[in-house]
Amino acid sequence: MELKKIALNDVHEALGAKMVPFAGYNMPVRYSSDIEEHKTVREAVGIFDVSHMGEFILRGPKALDLIQRVTTNDASKLANGKIQYSCLPNEEGGIVDDLLVYRMAEEEYLLVVNASNIEKDWNWISKYNTEGAEMVNISDETSLFAVQGPKTIEALQPLTKIDLAGMAYYTFERGEFAGVPDVLVSATGYTGAGGFEIYVKNEDARKVFDAIMEAGKAHGIKPIGLGARDTLRLEMGFCLYGNDIDDTTSPLEAGLGWITKFDKEFVNAENLKAQKEQGVNRKLIGFEMLEKAIPRAHYEIVNAEGEKIGEVTSGTMSPSLGKGIGLGYVAKDYSKVGTEISIRVRNKDMKAQVVKLPFVKK
């Protein structure tokens, strides 16, 4: 299958990015080194081109009903300009995808989904669209930049009249940005370093990207690839679809009970409610290595007797902490903070400890 290209593919290649296939797209994985890029975001400001993400508009009098039916969180609580983290449950107790729901207007919503699941999510939501909500897939005409780091506001404020410092977490505004009208600016963040997401039409992407790079120059801005994006999100304990959550993991096992609201009807709500009442058998935990080792996805998690009690779903050497960290599912009895476990690294059991997330405190 031919790789899709984001609008600024050539710009990233010219910036010296190493491009790799990711979720069906040709994407920049790094420009310099993952550690250098990671530190840039934690200490200054970086720009990620995440235009591979999917965006759907749902409109009309039945749009909210459809969202309520296919997502676990309660979207009726959203006001205009507010955003909600949610997930699409499947009929077997797992997760079709995790997503963001933006309330644009009373009868208009923007759903932001993972790149690898655009077609799957579209088909899934369409299947439940029996009341005729209008659905528009704007993924291929939309570019998305995530500008992240403690110096983001200083870097971006000269480009817009939107009061960036006054924007609360999980809200958005639309306005002129870098001379382009009606740009959507939101504050959700996947790095824990603060910052904003900028949604623009593909034809305005170059102008906006160049303006951000120019405005950020004085603050040390650098383009950041997917490699550092992964270590940054992992330090915050944020799930990555396909690693930490998927079609076989329940939102309750994944610690997403807080976005699973049983005071409304949604796909598979009955079974998930029963699971909540009975308790889950396994849980997603965060752990830190007590010995020098780097945990990786699919490594076995074992107890003191060497019996397998789970599996690592994401792991890395944390650039901020200088030690191995990871997420993984373990049998419930081993999920308590402080519990000592071991990670089987190349046939050696290396000690680790269950810790409270996030790994890096803000």
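The values are calculated or read from the model by the stated rules, or taken from the named source; none is laboratory data. Computed from a prediction, not measured in an experiment: that's the story for all the values here. Here Cβ is always computed from backbone atoms with ideal geometry, including for glycine, and neighbour counts include all displayed protein chains.
Of note:
- Residue list for the stretch 56-74, restricted to those being within 25 Å of LEU240 (Cβ to Cβ) and crowded, with 22+ Cβ neighbours inside 10 Å: LEU58, ILE67, VAL70, THR71, THR72, ASN73
- The one condition in (1) assigned to a helix (DSSP H, G or I); (2) out of contact with any Lys or Arg (no Cβ under 7 Å at 6 or more places or on another chain) that LEU99 fails to fulfil: (1)
- Of all the numbered requirements in (1) closer than 30 Å to VAL70 by Cβ; (2) of a type in the set (A, V, I, L, M); (3) within 25 Å of the chain's Cα centre (by Cα), ALA274 misses one, and that requirement is (3).
- From the list ILE83, ILE67, the lone residue that is of a type in the set (A, V, I, L, M) and touching a Ser or Thr at 6+ places or on another chain (Cβ under 7 Å) is ILE83.
- Criterion: touching a Gly at 6+ places or on another chain (Cβ under 9 Å) and over 30 Å from GLY322 (Cβ atoms) - qualifying residue of GLY46, GLY94, GLY60: GLY60
- Residues satisfying the stated conditions in the stretch 281-296, i.e. within 25 Å of the chain's Cα centre (by Cα) and surrounded by fewer than 19 Cβ atoms within 10 Å (Cβ to Cβ): GLU288, ILE294, ARG296
- Against the conditions (1) in contact (Cβ under 8 Å) with a residue 40 or more places away in the chain; (2) of a type in the set (Ser, Thr, Tyr); (3) crowded, with 19+ Cβ neighbours inside 10 Å, THR160 satisfies every one except (1).
- Of all residue pairs spaced 6 or more apart or on separate chains, those with beta-carbon atoms under 6 Å, a first member in the stretch 201-218 that is under 14 Å from ASN9 (Cα atoms) and a second member that is modelled with pLDDT of 95 or more and surrounded by fewer than 19 Cβ atoms within 10 Å (Cβ to Cβ) are ASN202/GLU141.
- Of all residues in the stretch 242-276, those being assigned to a helix (DSSP H, G or I) and of a type in the set (Ser, Thr, Tyr) number 0.
- Across the stretch 104-128, the qualifying residues are those that are more than 27 Å from LEU3 (Cα to Cα) and acidic (Asp, Glu), and the one among them that is nearest to the chain's Cα centre (by Cα) is GLU108.
- Filter result (among the β-branched types (Val, Ile, Thr) and in a loop (DSSP other than H, G, I, E, B)) within the stretch 277-300: VAL280, ILE294
- A single entry from LYS222, LYS217 fulfils the requirement of being closer than 20 Å to ALA17 by Cβ and either under 21 Å from the mean Cα position of the chain (by Cα) or crowded, with 17+ Cβ neighbours inside 10 Å (or both): LYS222.
- Where helices (runs of 4 or more DSSP H) sit wholly within the stretch 6-78, those with at least 1 residues that are of a type in the set (Asp, Glu) and in the same structural domain as GLU214 (by TED's automatic domain parsing) occupy 9-14, 34-43.
- Checking SER86 against (1) in a loop (DSSP other than H, G, I, E, B); (2) crowded, with 17+ Cβ neighbours inside 10 Å; (3) among the polar types (S, T, N, Q), the condition it does not meet: (1)
- Tally of residues being within 18 Å of GLU291 (Cα to Cα) and not in a strand (DSSP E or B) across the stretch 309-349: 9
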